[in-house]
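Please read the structure below before turning to the comments.
The values are calculated or read from the model by the stated rules, or taken from the named source; none is laboratory data. Note that the coordinates shown come from a computational prediction; the quantities given were computed from them, not determined experimentally. Positions of Cβ are backbone-derived with ideal geometry, glycine not excepted, and every protein chain shown enters the neighbour counts.
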Amino acid sequence: MSTLIQHFSYALKSGIKSIPGMPLAHHLTLPAWLVKDSVKTIASHAGYILSLIIFILIFVQYLAPSFFENSLWMMPANAPSGHYFATDSTTLASLKSQVVLDNNKLELKINQISKAPYIVINSTQNEFKLYSGGQLVREGICSTGSYVKLELNDKQQWVFRTPKGMLKIRNKTKDPVWKKPDWAFIEEGKAVPSPNHPSRYEYGVLGDYSLALGDGYLIHGTLYQRLLGMPVTHGCVRLGDQDLEAVFRTLRIGDRVYIY
Amino acid sequence: MDDIPKYLQWKDIKLPLYYKISLTVVAILLVLVGIQSYRGTRHALRQLNSSYAPQDSILWFANQDDSVFQLMKKRAYLKARLRQAESDSIGLSIDLLDSTVGLRLKGVELHGSKMIGYSHSRLFDKMDHASLVNMLSGTLEISTDTSNTHKEPIKTVKAPKNEEEAAKMLVEHLPDTIDEFVAIRLLLDENLLVTIEQWPDSVPSSAQAYHDFISADKRQKSVTLWKDLLSLRRPAYQAWIRIYLPPQEAKSIYRALPKKGNVILKI
């Protein structure tokens, strides 16, 4: 390759079509228009400038960043900051045993996790994990908030998101009845009835059990089992029938619900 | 030299002016980038060391026994976990020794992912031991977070005027896509950068938003580098950690992390 380049360069420079003394196999025949002086000059100028620009661009884009990492090789490791000093072997051994002791104490403290049951809900992947006695006892899919913002007007709007963080079970109900809030009617394109109107009460739509998390949010069942695993709720957490029963039986009032 | 034909011998070939210019430019560029990169990294190292230098004079050792250093790093991480557990918000834990990423709240692990791969800046290897241990024993606050996806994928819907319109909307409304590939950049205290990406092989070329985010990031870095080189300013070197996760994991982490959340590191 380099031989060819040299041939080409030589040919361009001398403006000849074949070079005396060059082995036959290396002969390079240049088209007539290329050996014209003006074209030759422009082509060589442009070629050089273009290659230089391309090189600089590639260098800055891809190679220069590695210079930063590699320049760290040259630096002395762990440059002293003046806050420590070398110690003899006895002091070092005592320091080591002290750190081991500290680590054991810290690990004990960290592992003092309450054995009380809790549930962890992943609102992005719509999955849950139920723990009891520090062990995972059940996992599965659920449905959480759809992130739909329902706008009635400038003043009235609702965002259907599931709250994140640590919540607690406030209440547990068997055969819950859903008291439909205003947004449920607005979403269905219906007129909003009075606060205690009979049309607000729906039976059986929340499944067999519900666990209240506060602020109107519940863990409950659903009629739409095929939507489990998708973010389709108005902020509550929906579970399948069997999962709901397991959660209802495992969690007590006051137990923690972690939602992320 | 006798074997080489005369017409190919270098002594007969005069270097054109452009060769000389090119070589000079390349040489200047190499020297400039070399000096600038050294200045940048040295400053970053000094700054990081001084920011996390322990306030009190502590009993330490001078690289004599690595096992003590490893134990001290472990102690630092355990202390950081306790500090993180005091917070009321969800925190991120990055354990490069076990190759795991976790989300924790009040000491309870909410989410755990095994990394497919990771790499990190050599700056951490060059840090003063005392400063590194001090840095690892605390929580690092996220100052800014960016991603190719939304933290909250809110879709605004106008309330339907009647039941007929509501029925139509129910059909039209599709839930948030779960098959999304996500890359995250978390800028922490002291300009530390954590990037979380999907494993490159797992991202299809159709994931346009993902690829755009990654290339915009690279473009931004190039522009900054150019500016620093041309202005002869000391370039700002960022200590970084890059983590590769399986598909969908990054999204859960990004959505879970609150604004100004905290991160703990185990290196």
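Descriptive notes on the structure:
- Among residues of the stretch A:177-223, those that are part of a loop (DSSP other than H, G, I, E, B), touching a residue at least 24 places away in the same chain (Cβ under 8 Å) and among the hydroxyl-bearing types (Ser, Thr, Tyr), counted: 1
- Here B:ILE184 fits the description: surrounded by 19 or more Cβ atoms within 10 Å (Cβ to Cβ), more than 10 Å from every other protein chain (Cβ to nearest Cβ) and within 29 Å of A:LEU227 (Cα to Cα).
- In the stretch B:225-256, the residues that are crowded, with 17+ Cβ neighbours inside 10 Å and either in contact with a Leu (Cβ under 6 Å, 6 or more places away or on another chain) or more than 29 Å from B:LYS106 (Cβ to Cβ) (or both): B:LEU225, B:ASP228, B:LEU229, B:PRO235, B:TYR237, B:GLN238, B:ALA239, B:TRP240, B:ALA256
- Residues in the stretch A:120-135 that are surrounded by fewer than 20 Cβ atoms within 10 Å (Cβ to Cβ) and in contact with a helix residue (DSSP H, G or I) (Cβ under 7 Å, 6 or more places away or on another chain): A:GLN125, A:SER132.
- Residue match in the stretch A:104-123 (condition: in contact with a Gly (Cβ under 8 Å, 6 or more places away or on another chain), modelled with pLDDT of 80 or more, of a type in the set (Ser, Thr, Tyr) and under 30 Å from B:ILE35 (Cα atoms)): no
- For the criterion of being surrounded by 20 or more Cβ atoms within 10 Å (Cβ to Cβ) and among the basic types (Lys, Arg), A:ARG138 fails.
- Test: residue in the stretch B:39-48 that is farther than 30 Å from B:ILE253 by Cβ, surrounded by fewer than 19 Cβ atoms within 10 Å (Cβ to Cβ) and free of Cβ contacts under 8 Å to residues at least 12 places away in the same chain: yes
- Check on B:ARG39, modelled with pLDDT of 80 or more, part of a helix (DSSP H, G or I) and in contact with a Lys or Arg (Cβ under 6 Å, 6 or more places away or on another chain): yes
- A single member of B:MET127, B:MET169 is within 20 Å of the chain's Cα centre (by Cα) and of a type outside the set (Val, Ile, Thr), and it is B:MET127.
- Scanning the stretch A:182-201 for residues that are surrounded by 15 or more Cβ atoms within 10 Å (Cβ to Cβ) and of a type outside the set (Gly, Ala, Ser) returns A:TRP183, A:PHE185, A:ILE186, A:GLU187, A:GLU188, A:LYS190, A:VAL192, A:ARG200.
- For the stretch A:98-120, the count of residues that are in contact (Cβ under 8 Å) with a residue 60 or more places away in the chain and at the interface with chain B (Cβ under 9 Å from one of its Cβ atoms) is nonzero.
- Residue within the stretch A:163-170 that is surrounded by fewer than 15 Cβ atoms within 10 Å (Cβ to Cβ), among the hydrophobic types (A, V, I, L, M, F, W, C) and either at the interface with chain B (Cβ under 10 Å from one of its Cβ atoms) or within 31 Å of the chain's Cα centre (by Cα) (or both) present: no
Here is a yes/no grid of residues against (1) of a type outside the set (S, T, N, Q); (2) facing another protein chain (nearest Cβ under 9 Å); (3) closer than 30 Å to B:PRO153 by Cβ:
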| position | (1), (2), (3) |
| --- | --- |
| B:SER222 | no, yes, no |
| B:LEU225 | yes, yes, no |
| B:ARG233 | yes, no, no |
| B:ILE243 | yes, no, yes |
| B:GLN248 | no, yes, yes |
| B:TYR254 | yes, yes, yes |
| B:PRO258 | yes, yes, yes |
| B:ILE264 | yes, no, yes |
| B:ILE267 | yes, no, no |
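- Checking each residue in the stretch B:98-148 for being crowded, with 19+ Cβ neighbours inside 10 Å, facing chain A (nearest Cβ under 10 Å), more than 26 Å from B:SER51 (Cα to Cα) and in contact (Cβ under 8 Å) with a residue 24 or more places away in the chain picks out B:LEU103, B:LEU110, B:HIS111.
- The condition of being more than 7 Å from chain B (Cβ to nearest Cβ) and either farther than 30 Å from B:ARG83 by Cα or at pLDDT 70 or above (or both) holds for only one of A:ILE19, A:ILE49, A:ILE56, that being A:ILE49.
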